[in-house]
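Trainee: Below is a structure I'd like to ask you about.
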Amino acid sequence: MVNVVGAMPRSVARGLGAGIGGVTWVLLRRLRAVGLRNLEIAYPTMPVEERTRILRGVFRSLGWQIGEFCKMSHYTREQAEAFVRYEGLEYYRNAEAKGKGVLVLTGHLGAWELSSFFHSLMGHPMSLVIRRLDNPLVDEFVNRIRCLHGNRVIHKDDFARGLLTSMHRGETVGILMDTNMTPPQGLFVPYFGVEACTAAGLARVALHSGAAVLPGFLVWEEAEGRYVLHFGEELDLIRTGKIGDDILSNTAMFTATIEAYVRRYPEQWLWVHRRWKTRPAGEERLY
């Protein structure tokens, strides 16, 4: 399928992807139910019709990403620059110039697979923290495409050592920090006003290494008809000297940063993930 779609014009591939998203909306009722429940948790006063509209947009966005992924290995730099632009690249360059490494705070928003691929295609290879896919053949295939232009993968089972090594070398690592975790790797911090168990590893590594942390998200800008890779300003880490409190406070700040981007582009976040699955002791399940 990848080779067939990869040979198609990009507009056709995206149209096919949108069609796949539409079919998925109809067939995968469980995912649809999870998405609507998440939107109810995040936006309790929002009308059901608006939540449904947002979730339909999510399925379309995911379909588009399928189309883009199938095309990625065929893109040249010139082709990619025709439908993706940077915003805030100077923030990234300033952070990189400090030489202590860059931790890109990101999440499952927009076209996250295209994000790191585009950045490497533009001459900025980076490492990606990923979970191994269940099928080793699929895992190898997907990682081969991700790494065509110098990117590397760091598996979650080698998370801390891989990150610290990369920071020591002054490299860039992208971390998707918006999925449900379990203690002790995860800490509870607010996400859309509801406690969410969140990976604390990014805060631990940033505080230990002195690396720069800045948000980076590649989202579809409807008004422009293209993607924009947004880099935000470097985040000022909270350092009180109480390491446990600092890890918690910075994890909360990182999560609030992700939330701000999701609120700007709600139709492009992965609402079908059970983000609030893990609950604090004594709380009722939300799903």
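Read the figures in this text as sums done on the coordinates, not as results from a lab. On a predicted model such as this, the values are computed, not experimentally measured, just so you know. Here Cβ is always computed from backbone atoms with ideal geometry, including for glycine, and neighbour counts include all displayed protein chains.
Trainee: Pulled fully out, how much extra length does the chain show between GLU40 and GLU233, if you take 0.36 nm times their separation in residues and subtract their Cα-Cα distance?
Mentor: Here the segment from GLU40 to GLU233 would lengthen by 66.4 nm.
Trainee: Give the Kirkwood hydrodynamic radius (Å, one decimal) of the range 2-268, defined as one over the mean of 1/r across all pairs of different Cα atoms.
Mentor: Result for the range 2-268 stands at 19.3 Å.
Trainee: Then there is this: Could you sort the peptides 8-16, 226-234, 106-114 by per-residue average Cβ neighbour count (10 Å cutoff), highest mean leading?
Mentor: Descending packing order for the listed peptides: 106-114, 226-234, 8-16.
Trainee: Among all the aspartates and glutamates, which ones have a C-alpha under 18 Å from LYS98's C-alpha, if same-chain residues fewer than 8 places away are not counted?
Mentor: Cross-link targets: GLU90, GLU171, GLU233, GLU234, ASP236.
Trainee: Treating only the Cβ atoms of Lys and Arg (+1) and Asp and Glu (-1) as charged, compute the dipole magnitude of the range 2-268 about its Cα centre; round to the nearest 20 debye.
Mentor: Dipole magnitude for the range 2-268 comes out near 520 debye.
Trainee: Which whole-number percentage describes the relative contact order of the chain, with Cα contacts under 8 Å and a sequence gap of 6 or more?
Mentor: 24
Trainee: Here's another thing I want to ask about it. Show which lysines lie in cross-link reach of LYS156 when reach means a straight Cα distance below 22 angstrom and same-chain residues fewer than eight apart are skipped.
Mentor: LYS100, LYS277
Trainee: Still on this model: Straight distance only, please: which aspartates and glutamates reach the Cα of LYS71 with their own Cα at less than 15 Å, same-chain residues fewer than 8 apart left out?
Mentor: In chain and number order, the partners are GLU81, GLU113.
Trainee: Same structure, new question: For the chain, what does -39500 (n - 2.57) per DSSP helix run (n ≥ 4), summed and divided by total residues, give at 222 nm, in deg cm²/dmol to the nearest 500?
Mentor: After summing the helix terms and dividing by residue count, I get -15000 deg cm²/dmol.
Trainee: Then there's this: In what sequence, highest mean first, do 41-48, 204-211, 146-153 appear when ranked by Cβ atoms within 10 angstrom?
Mentor: Values: 41-48: 12.9, 204-211: 19.0, 146-153: 17.1.
Highest-to-lowest ranking by the protection proxy: 204-211, 146-153, 41-48.
Trainee: Given 0.36 nm per residue, what is the gain on full extension from ARG152 to LEU137 after removing their alpha carbon distance, in nm?
Mentor: Fully extending the segment from ARG152 to LEU137 adds 3.7 nm.
Trainee: Here's another thing I want to ask about it. Work out which helices of the chain, taken as complete DSSP H runs, extend at least 24 Å along their axis over the Cα atoms and score a mean Kyte-Doolittle of 0.0 or more, then list them.
Mentor: Within the chain the helices that satisfy the rule are 10-27, 243-264.
Trainee: Before anything else, pin down the relative contact order of the range 1-120: Cα pairs under 8 Å, at least 6 apart, normalised by residue count, whole percent. Write down the numbers at each step before the final one.
Mentor: On the way: 86 pairs, mean separation 43.5, N = 120.
Contact order relative to length: 36 percent.
Trainee: Please report the spacing between the Cα centers of the range 225-256 and the range 157-172 in Å, no decimals.
Mentor: The two parts, judged by their Cα centres, are 18 Å apart.
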